[in-house]
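Taken together, the values in this text are just the output of simple stated rules run on the coordinates, not laboratory data. These numbers come from a predicted model, not from an experiment. Here the Cβ positions follow ideal geometry from the backbone for every residue, glycine too, while neighbour counts run over all protein chains shown.
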Number of protein chains: 2
Amino acid sequence: MTSFSVFDTQMMGRAIQLARKGLYTTRPNPSVGCVLVQDSIIIGEGYHQVAGQGHAEVNALADAAKQGHSTVGATAYVTLEPCSHYGRTPPCALGLINAQVARVVIAVKDANPQVADNGIAMLQDAGIQVEVGLLAAEALTLNLGFMKRMKTGLPWVTVKVAASLDGKTALSNGVSKWITGPAARQDVQRMRARHCALITGVETIIADDPSLNVRYEELGSLKSSLSPTSLQQPLRVVLDSQARLTADFMLFSIETPILLVSTCGYSDAVQALFPNHVSLLQVKANSAGRVCLNILLKYLGESCNSVVVEAGATLSGSFIEHNLVDELVLYQAPKLLGSEGRNMLSLTDYQSMDQIPKIVLKDQRNVGQDTRFVFGLS
Amino acid sequence: MTSFSVFDTQMMGRAIQLARKGLYTTRPNPSVGCVLVQDSIIIGEGYHQVAGQGHAEVNALADAAKQGHSTVGATAYVTLEPCSHYGRTPPCALGLINAQVARVVIAVKDANPQVADNGIAMLQDAGIQVEVGLLAAEALTLNLGFMKRMKTGLPWVTVKVAASLDGKTALSNGVSKWITGPAARQDVQRMRARHCALITGVETIIADDPSLNVRYEELGSLKSSLSPTSLQQPLRVVLDSQARLTADFMLFSIETPILLVSTCGYSDAVQALFPNHVSLLQVKANSAGRVCLNILLKYLGESCNSVVVEAGATLSGSFIEHNLVDELVLYQAPKLLGSEGRNMLSLTDYQSMDQIPKIVLKDQRNVGQDTRFVFGLS
């Protein structure tokens, strides 16, 4: 086990801070930060901003060059193992080798077992000292989705629920405006903006006719660090097993990508009216005649690091019942909607306490008048 | 509006701290603290410990005398207006007059409108300077029950619920052991110990056969400041509209007072087997054939400052629906019991958001793995 100095930790902390700047914009790439240090002084900083553009290491090297600093013998702190392959950009490991740095400190290895250690080996073969594992947990949380997708091919799945103290998402007649307050609703907008895709069910579309996009003006504090043009809209995925949707719902009027997932095809007449930003996916039905969620997630895993499920109790409950959920985010309003209200999650009729879902509290904080809980599911 | 010095505030703060020591033992009297100050030095302290024994002022004066301090010209800080009547002890106002204090600072006036200002007038008539209102809100919270009872004749009513994130108190088959963790269950024991009475319904007795007493060994941190002999058991009140209970339930085996409340009498044969610590109360049925809660609370208000309702969803919900609840204490466990579980509160089928109960968050904190919310109802 390598031991790191306080200075090393400070520098990696800064690299993580830089990586965080890319949280809303790098997908499907990971958010990565890099700090270059010469004689205990930072000579260059960089982070990955947008997929297809410079990686963190390249940007940090460019920053050092721009300031006229030599990188020969420097130490590079990187939040993720430098890549070793030629993609849209040349390998970052090569960049560091060419810059003649002496030491590279890495927070976490590449998540893809097929490529992990390759970047490290490339650096070591060039005689560079490599140390791995500094602030690994902190660096991991920046890229939970990317890491999971690289390992499993599936996106990180978050189920979002807004409910009352007594676990209801609406009155019995469906009225739900507003359970949570404006601060929580802004927080949901920021959550959407971080995710590659948003999944909902056709029932939600028919009942509420939502647009399901991210509204820039509702991003609150995020607006100071994210410009309107940098905002990336999540893919809007609607599970419509029986192909009931038609082009006259609100979500179609917003020109960002939509994926309609059904178990049967839409009629030609209906399809003809869908706008160009709509894609169709037909998947196998499960035994209940619904879209098979495993197949859906495998499909989305080809391009999405993370998806957020904002759906009714049945679909959200189904993701949990099928053990497909990584995180449950609950916005809890200090209200009582009453026993006749709608339950937040349709789950099995458990017969003993050892059957209930295993959830672990990861974060709890006040968001305006409401409380936001983040639970990990295992 | 009188303005108080920082020193005054510190002294009243100390008096409140003293008053708090009586929280578990003074009922049905209020918890009161008193500090005597001469030349900016505390010369005596006292608090009311047990009903029938010395009041705070008397104890503080005795403390000063014991230490050989003169109280002539001193300032007395009292958390509640000194009493002006002869009860089990002589009026405290008279005690302060006889001690020749020069100034009395009072946090809050007596809650009983019939006697409020009498103690103050008695002091002023004796030429003592009286100032009222220092740390009034803090002092009030010590005696919410006493204050309400003095004003309205009704006890302070707290509904306690332990539920999951999705608002369930048990699985559909009734299994509820354990939703909350040991720390929350200890906290409930301390809450019971602070209350004059505990109300439950016959269904809870039949389903769970609880003893409903306070178990000293489960009082946790409170044990260091409360001896086993000082612990006062709450009156156990069971609402048994149809007089279904018999003497073979667990609660009868514990020899602290029980009040059985029915709308019809128990048969002679059943009554004959009830132990001596059981009292019976027969009250009018409401339109649903159940015990009229208003009548019950008026009866309990004769001797109880505060009652805690630990009952099923129907009875707890009924207290809320009838606007009889001052506070809702929710222990929320980080668990999902599922949509088929039992709802925490049976409430009306509300048709719009303006019909739901008005609740205001007063306190929120972690208790072990669980969260304890305290809401005020209005």
**Study point:** Whole-Hz ³J(HN,Hα) from phi, Karplus 6.51 cos²θ - 1.76 cosθ + 1.60, for region B:235-242, glycine and proline x
**Key:** 4, 9, 10, 10, 8, 9, 2, 9
Practice item. Compare the peptides A:100-108, A:262-270, B:345-353 by average per-residue count of other Cβ atoms within 10 angstrom and give them in order, highest first. Key: A:100-108, B:345-353, A:262-270
Practice item. Using packing as a proxy for protection, rank B:116-128, B:22-34, B:299-311 so that the peptide with the highest average count of other Cβ atoms within 10 Å comes first. Key: B:22-34, B:299-311, B:116-128
Revision key, fill the gap. Per the 1/(1 + (r/R0)^6) rule, R0 = 22 Å and r from the Cβ atoms of residue B:178 and residue B:361, FRET efficiency to 0.05 is 0.30
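Averaged over A:85-96, how many beta carbons belonging to a partner chain fall within 10 Å of each residue's beta carbon?
Working: counts 0, 0, 0, 0, 0, 0, 0, 0, 0, 0, 0, 0.
Other-chain Cβ atoms within 10 Å of each residue's Cβ, averaged: 0.
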Point to revise | Separation in nanometres of the label points that stand 7 Å from Cα toward Cβ, at residue A:7 and residue B:62 | key: 6.9
Point to revise | Flagged links, alpha-carbon separation over 28 Å, of A:168/B:177; B:160/B:298; A:177/A:298; A:21/A:284 | key: A:177/A:298; A:21/A:284
Review point. Per the helix-only calculation at 222 nm, which mean residue ellipticity applies to chain A, given -39500 (n - 2.57) for every DSSP H run of n ≥ 4 and division by its residues, nearest 500 deg cm²/dmol?
Key: -7500 deg cm²/dmol
Practice item. Using R₀ = 60 Å, calculate the FRET efficiency as 1/(1 + (r/R₀)^6) where r is the Cβ-Cβ separation of residue A:132 and residue B:98; round to 0.05. Key: 0.15
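Summarise the partner chain shielding of A:141-149 as one whole number: the mean count of Cβ atoms from other chains within 10 Å of each residue's Cβ.
Details: counts 0, 0, 0, 0, 0, 0, 0, 0, 0.
What the average comes to for A:141-149 is 0.
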Check your understanding: Once a ≥ b ≥ c are taken as the square roots of the eigenvalues of the Cα gyration tensor of region A:143-262, is the result rounded (a/c under 1.5), prolate (a/b larger than b/c) or oblate (a/b not larger than b/c)?
Key -> rounded
Exercise for review: Determine which residues of region A:216-235 fall in the zone a paramagnetic label at residue A:253 would reach in this model, i.e. backbone nitrogen under 17 Å from the point 7 Å along Cα→Cβ.
Suggested key: A:216
**Study point:** Simple label model, 7 Å out from Cα along Cβ direction - residue A:287 to residue A:246, nm
**Key:** 3.6
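Using only atoms on other chains, find how many Cβ atoms lie within 10 Å of each Cβ of peptide B:349-359 and report the average.
The per-residue average across the peptide is 5.
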Review point. So what's region B:116-200 giving for Rg/Rh, alpha carbon basis, Kirkwood Rh from the mean inverse pair distance?
Key: 1.21
